[in-house]
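Okay, here's the structure, questions in a sec.
The values are calculated or read from the model by the stated rules, or taken from the named source; none is laboratory data. From a predicted model like this one, the values you see are computed outputs, not experimental measurements. Please note: Cβ atoms are built from the backbone with ideal geometry, for glycine as well, and neighbour counts cover all protein chains shown.
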């Protein structure tokens with residue numbers, strides 16, 4: 001009997017092993033090419049939003065207000081009656097909708113508010129695609145079904161309570177003219193004395209979910225006693241000890257349940273007091289997220305849009321000062337730390353975050 | 001015949017696996033206890049802020065939080081493993097423990113003025129709070145470092161009033 005020529009089992013296994021080895025070598029390269037493509041798409045989104053802010057600024061003379069009360073918003077829409085003041089406040093993103101070809105969402109949002117609708121339904125359940133980064137893992141739905149956002153505005157290198165002037169280009173609770181309202185006026189580009197190209201306007205942030213907040217690379221810790229002076233490294237200490245806690249009486253308001261999970265709302269800002277992709281900290285529920293850095297799923301850093309409309313990638317290793325130092329006021333005390341007016345103590349990153357710290361930011 | 005080849009394959013595999021190791025700054029384990037007048041302090045944050053003498057390598061800023069027995073493990077950020085300690089160097093140590101009135105539950109229909117900032121109160125003497133006034137020092141060496149920080153509720157030579 002004559003045997004047909006054939007592969008032996010050993011030869012077959014060797015072939016499979018070689019193919020597996022080649023795939024193993026190739027796969028990481030393919031994965032990083034995929035991530036590079038996602039990052040490019042993400043950079044385009046933040047660029048468009050940065051240009052939208054500049055478009056709004058040239059039409060109105062000031063940057064879009066962040067966290068303006070709805071009453072102000074209804075007055076701003078000329079000819080509309082004054083509404084009851086609600087605590088709910090409006091993200092800077094709502095004002096940008098006409099500038100990113102989403103006029104319909106803008107109009108429906110105001111109509112819904114005037115009709116006394118529930119804020120997190122209707123227009124705000126829409127998910128503008130430009131607000132999501134392709135690298136994001138948690139793509140919604142967000143808080144009570146609202147749309148999510150990965151792009152937030154910069155409130156400076158020193159945390160500021162709502163209604164206080166921030167050191168960044170966006171003030172929490174800002175209104176147009178300050179008459180009869182509670183917040184500081186929005187920033188004009190002439191106020192940005194450190195230079196438009198060296199001041200951060202927008203940045204990326206991961207979307208939190210209550211289910212995943214403690215597994216994110218930049219986890220959210222809950223800190224009972226947090227104020228604008230709290231040193232950013234306080235958050236690392238919470239994360240290291242795994243000391244997260246969850247207020248079960250309010251399951252809707254788990255730490256991290258709001259940030260990024262309602263694009264129309266006021267949970268759409270960040271501070272440059274801590275380096276990118278370091279842990280975030282909130283007080284009870286989601287209030288007072290005074291340590292709230294930019295973050296992303298891109299390796300090694302996050303993207304920011306500068307006030308001149310350019311986009312930069314900021315690495316995690318950027319000089320952000322000594323994170324174990326608390327913020328102090330001009331007199332050297334930790335009381336009312338938000339009132340600090342000197343040069344940033346948070347290194348190059350803090351200098352990029354402030355609009356008039358008068359720091360020298362080197363050309364990179 | 002296949003013994004040598006198998007050894008070669010094993011070497012290749014080992015090289016590949018070693019190449020995938022986690023990179024980060026080199027840190028030494030730092031743990032310790034914080035006591036105030038001899039009693040362990042719970043839920044305090046311990047900060048190690050690097051002191052850099054001219055011409056020496058800088059340490060890594062790090063922080064830790066104390067448990068019920070006053071013990072803590074230091075955590076340096078910048079890609080280091082959480083809880084694994086910090087880099088070799090000289091440090092000023094500060095300890096902060098604060099308490100706030102609980103924040104009110106959120107009320108979406110309340111006017112904006114109804115959201116007060118809680119009062120923050122220091123539960124440890126103020127000298128330990130800032131690097132400029134803290135008398136605590138630590139030197140981190142290779143290996144496991146263990147410290148005991150004894151705080152005094154009436155520190156000697158502490159500045160009176162605000163300064």
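Looking at the structure I just gave you, is residue A:157 assigned to a loop (DSSP other than H, G, I, E, B), farther than 29 Å from residue A:293 by Cβ and either within 16 Å of the chain's Cα centre (by Cα) or at pLDDT below 75 (or both)?
Against the criterion (assigned to a loop (DSSP other than H, G, I, E, B), farther than 29 Å from residue A:293 by Cβ and either within 16 Å of the chain's Cα centre (by Cα) or at pLDDT below 75 (or both)), residue A:157 does not qualify.
Quick grid of which residues meet (1) modelled with pLDDT under 85; (2) in contact with a helix residue (DSSP H, G or I) (Cβ under 6 Å, 6 or more places away or on another chain); (3) more than 30 Å from residue A:323 (Cα to Cα):
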site	(1), (2), (3)
A:86	yes, yes, yes
A:99	no, yes, yes
A:107	yes, no, yes
A:114	yes, no, yes
A:121	yes, no, yes
A:146	yes, yes, yes
A:166	no, no, no
A:173	yes, no, no
A:177	yes, no, yes
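Looking only at region A:317-335, count every residue that is more than 10 Å from every other protein chain (Cβ to nearest Cβ) and either at positive phi or surrounded by fewer than 20 Cβ atoms within 10 Å (Cβ to Cβ) (or both) and tell me the total.
4
Quick check on this structure: which one of B:46, B:27 is modelled with pLDDT of 90 or more and crowded, with 20+ Cβ neighbours inside 10 Å?
B:46
Using the structure shown, decide if residue A:344 is in a loop (DSSP other than H, G, I, E, B), at pLDDT 90 or above and more than 12 Å from chain B (Cβ to nearest Cβ).
yes
A further question on this structure: Where residues in region A:306-322 are under 16 Å from residue A:157 (Cα atoms) and part of a strand (DSSP E or B), which of them is modelled with the highest pLDDT?
A:306
Now for a separate question. Kindly list, by first and then second residue, each pair from a residue in region B:59-74 that is within 13 Å of residue A:235 (Cα to Cα) and at the interface with chain A (Cβ under 10 Å from one of its Cβ atoms) to a residue that is modelled with pLDDT under 85 and part of a loop (DSSP other than H, G, I, E, B), limited to pairs with Cβ atoms under 7 Å and residues at least 6 apart or on different chains.
Short answer, once both residue conditions are applied: B:65/A:241; B:65/A:243.
Could you tell me whether any residue of region B:111-124 is over 12 Å from the mean Cα position of the chain (by Cα), crowded, with 19+ Cβ neighbours inside 10 Å and at pLDDT 70 or above?
Looking for residues that are over 12 Å from the mean Cα position of the chain (by Cα), crowded, with 19+ Cβ neighbours inside 10 Å and at pLDDT 70 or above, one finds none in region B:111-124, hence no.
Filter region A:282-301 down to the residues that are more than 11 Å from chain B (Cβ to nearest Cβ) and more than 25 Å from residue A:193 (Cβ to Cβ) and list them by number.
Once the filter is applied, which keeps residues that are more than 11 Å from chain B (Cβ to nearest Cβ) and more than 25 Å from residue A:193 (Cβ to Cβ), region A:282-301 yields A:289, A:291, A:295, A:296, A:297, A:298, A:299, A:301.
Of all residues in region A:179-190, which are at pLDDT 85 or above and within 22 Å of the chain's Cα centre (by Cα)?
Result: A:187, A:188, A:189.
Hey, can you tell me all the residues within region A:128-151 that are surrounded by 18 or more Cβ atoms within 10 Å (Cβ to Cβ) and under 19 Å from residue A:109 (Cβ atoms)?
A:128, A:130, A:131, A:132, A:140, A:142, A:143, A:146, A:147, A:148, A:149, A:151
Out of all the residues in region A:302-312, is one or more within 14 Å of chain B (Cβ to nearest Cβ) and in contact (Cβ under 8 Å) with a residue 24 or more places away in the chain?
No - not one qualifying residue is present in region A:302-312.
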